[in-house]
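The values are calculated or read from the model by the stated rules, or taken from the named source; none is laboratory data. Note that the structure is a prediction, hence the values are computed from the model and not measured. In this analysis, Cβ positions are derived from the backbone assuming ideal geometry, glycine residues included, and neighbour counts consider all displayed protein chains. Just the protein is used for accessible areas: all its heavy atoms, side chains included, with ligands, DNA and RNA removed. Shrake-Rupley method; radii C 1.70, N 1.55, O 1.52, S 1.80 Å.
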Amino acid sequence: MRILVTNDDGIHAPGLETLEAIARQVSDDVWVVAPEYDQSGVSHSLSLNDPLRLRQISEKRFAVKGTPSDCVIMGIAHILKDAKPDLVLSGVNRGQNVAEDVTYSGTIAAAMEGTILGVPSIALSQAYGHGGRAGIKFHCSAEHGARVVRKILEVGIEPGIVVNVNFPDCEPGDVQGIAVAAQGQRNQALLAIDARHDGRGNPYFWLAFAKARFEPGNGSDLKAIADHKISVTPLKLNLTDEPTLTRFAKAFEQ
């Protein structure tokens, strides 16, 4: 099996190193094509007005001055065009990608691009808590990642489906199992604007979430992570809502 590994945190991110190690437990043919710089939150954007700069770092390892989606396209359509990968793994992201995160995440977008190009794809993310990024437990995803990937491959990934995997913020031995979960939804009332002023008195702003008690819905990826479970969520590329499609069609026939 040939595996293409990418991410959105950049070529030097510790999560990418973790994912390479996971991939090498599944196959000995692992290629890395990742962004030159941090591309967190760029979603499924493409570099249409700028050239893509490709830099080979070492054997089977490349950096692209572009987005995560650019990296997957470059990997499949250029670097590996004569022998395309059998699997795309994206991550391990620095922080969870659950609920509404899936629409913003470059990690998930890279896996989506792989799926669009006909390659089964899995996005992997590692949650962190109050300890912040300095204390992120990549060893949790490192311990359980290969087992989860192998199981997903054993079950099979249908065309048009992206698998989103999130590892909880806990020690590997404290993981309480695997939950096949639905995409959750946060309380958007917690979304806040953190207004500040720079040294010259000019205003600037950070997007933030207010700290408040929130009960995630049962069966959701949010609930799984809160319960120290690994969440596995299949996502559809086709965003059409069939019931609304039928309802609209009937309405416009009149």
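Using only helices, what value at 222 nm comes out for the chain when you add -39,500 (n - 2.57) per DSSP H run of length 4 or more and divide by the total residues, to the nearest 500 deg cm²/dmol?
-8000 deg cm²/dmol
In straight Cα distance, which aspartates and glutamates are under 14 Å from Lys250, not counting same-chain residues fewer than 8 positions off?
Straight-distance partners of Lys250: Glu242.
With the cut-off at 29 Å, tell me which of the pairs Lys84/Lys137; Lys81/Lys151; Lys84/Lys223; Lys65/Lys229; Lys84/Lys236; Lys60/Lys223 have Cα atoms farther apart than that.
Violating the 29 Å Cα-Cα cut-off are Lys84/Lys137; Lys84/Lys223; Lys65/Lys229; Lys60/Lys223.
Could you give the dipole magnitude of the chain about its Cα centre, charging the beta-carbon of Lys and Arg +1 and that of Asp and Glu -1, in debye to the nearest 20?
Using only the charged Cβ atoms, the result is roughly 180 debye.
Write down the accessible area per residue of the chain in Å², having rolled a 1.4 Å probe over the full set of protein chains.
I get 54 Å² per residue for the chain.
So how exposed is Asp174, as accessible area in Å² (1.4 Å probe, rounded to 10)?
Rounded to the nearest 10, the figure is 80 Å².
Roughly to the nearest percent, how much of the accessible area of the chain is carbon and sulfur, given a 1.4 Å probe?
Roughly 52 percent of what the probe reaches on the chain is carbon or sulfur.
In terms of the Cα gyration tensor, with a ≥ b ≥ c the square roots of its eigenvalues, is the range 1-85 rounded because a/c is under 1.5, prolate because a/b exceeds b/c, or oblate?
Oblate is the answer for the range 1-85, as a/c is 1.5 or above yet b/c matches or exceeds a/b.
Is the C-alpha gyration tensor of the chain telling us rounded, prolate or oblate? Criteria: a/c under 1.5 is rounded; beyond that, a/b larger than b/c is prolate, otherwise oblate.
Rounded, since a/c falls under 1.5.
Mind jotting down the distance between the C-alpha centroids of the range 142-193 and the range 1-63, whole Å?
What the calculation gives is 20 Å, centre to centre.
When only the heavy atoms of the protein chains count and the probe is 1.4 Å, how do His130, His44, His144 rank by accessible area, highest first?
Result of the area sort, largest leading: His130, His44, His144.
Cβ neighbours within 10 Å, averaged per peptide: list 16-25, 178-187 in order, most packed at the top.
Averaged packing, sorted descending, gives the order 16-25, 178-187.
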